[in-house]
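Data first, discussion second: the structure below is written as structure tokens.
The values are calculated or read from the model by the stated rules, or taken from the named source; none is laboratory data. From a predicted model like this one, the values you see are computed outputs, not experimental measurements. Quick reminder, even Gly has a Cβ in these numbers, built from the backbone with ideal geometry, and neighbours come from all protein chains shown. Side chains are part of the model used for accessible areas, which takes the heavy atoms of the whole protein and leaves out ligands, DNA and RNA. Shrake-Rupley method; radii C 1.70, N 1.55, O 1.52, S 1.80 Å.
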Amino acid sequence: DNLNLGLSYASKQSFQDFEYNVVNENPNLQNFGQARTITFGMDVPAVYAGGFALEADKLLWTADAKYITYSTTEGFEKSGFDQTGAVQGFGWEDIMVLATGIQFSVNDAFALRGGWNYSENPIPDEQSFFNIPAPAIVQQHATVGLGFVPVSGLHVDLAYYHVFENEISGEMWGPMGPMAGTSATSTMYEDSFLMTFSFYPEG
């Protein structure tokens with residue numbers, strides 16, 4: 001009665017291509033200044049997941065694992081430039097994500113929470129240049145929080161999480177390939193605070 005197990009699969013989600021109305025900005029071409037449309041396709045990858053929740057008296061412990069398939073998803077699978085000089089994709093790899101959390105219920109009206117999340121980095125160093133707009137490179141997340149009931153029917157939850165700094169660096173790229181002697185470096189960390197209010201009608 002105290003153990004729950006779960007498995008899930010979320011299929012890939014397909015979206016229409018993004019479209020941007022721009023002009024040709026290369027002064028060396030005959031169509032310089034002419035209007036054109038740029039398209040870029042990007043989907044959401046499939047996710048395989050499994051986890052458990054174990055409850056004992058006032059303690060609740062949960063953990064799960066996810067496998068995210070970026071390498072076979074449009075927008076992420078390819079990298080580099082095509083024959084027109086357009087970026088083909090972000091060049092991400094499949095990753096595993098592990099997470100665990102614990103909650104201790106002091107009483108019916110007050111609970112303490114903590115959690116940890118580890119994610120593999122989907123971006124290889126050599127793809128750093130192409131991922132400057134989307135540096136999803138953070139890996140270690142720590143979370144603390146609490147929940148309480150100030151009055152009957154009102155639940156308040158407070159949380160804070162910190163994502164530890166991570167960095168990748170690789171050569172810049174041109175249409176002919178990597179450019180020796182250059183580097184593109186991304187560094188990222190995060191801090192976030194969360195407050196939620198939930199109302200439950202009495203009875």
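Right, GLY153: farther than 16 Å from GLY101 by Cβ, in contact with a Phe, Trp or Tyr (Cβ under 9 Å, 6 or more places away or on another chain) and exposed (fewer than 15 other Cβ atoms within 10 Å of the Cβ) or not? When the stated conditions are applied, GLY153 passes them. Residue check: is GLN103 modelled with pLDDT of 90 or more, more than 15 Å from the chain's Cα centre (by Cα) and within 30 Å of GLY153 (Cα to Cα)? Here the answer is yes, as GLN103 does meet what is asked. Kindly check whether there is at least one residue in the range 114-124 that is closer than 30 Å to PHE40 by Cβ, in contact with a helix residue (DSSP H, G or I) (Cβ under 7 Å, 6 or more places away or on another chain) and either outside any helix (DSSP H, G or I) or open to solvent by 60 Å² or more (accessible area, probe 1.4 Å) (or both). Yes, the range 114-124 contains a residue that is closer than 30 Å to PHE40 by Cβ, in contact with a helix residue (DSSP H, G or I) (Cβ under 7 Å, 6 or more places away or on another chain) and either outside any helix (DSSP H, G or I) or open to solvent by 60 Å² or more (accessible area, probe 1.4 Å) (or both). The set of residues from the range 67-109 being closer than 29 Å to PHE148 by Cα and either open to solvent by 70 Å² or more (accessible area, probe 1.4 Å) or in contact with a Cys (Cβ under 8 Å, 6 or more places away or on another chain) (or both) comprises LEU98, ILE102, PHE104, ASN107, ASP108. The set of residues from the range 2-49 being open to solvent by less than 70 Å² (accessible area, probe 1.4 Å), farther than 16 Å from ALA86 by Cα, in a strand (DSSP E or B) and not small (Gly, Ala, Ser) comprises VAL44, VAL47. Among the residues of the range 50-66, is there at least one that is more than 25 Å from the chain's Cα centre (by Cα), of a type outside the set (Val, Ile, Thr) and outside any strand (DSSP E or B)? Among the residues of the range 50-66, at least one is more than 25 Å from the chain's Cα centre (by Cα), of a type outside the set (Val, Ile, Thr) and outside any strand (DSSP E or B), which makes the answer yes.
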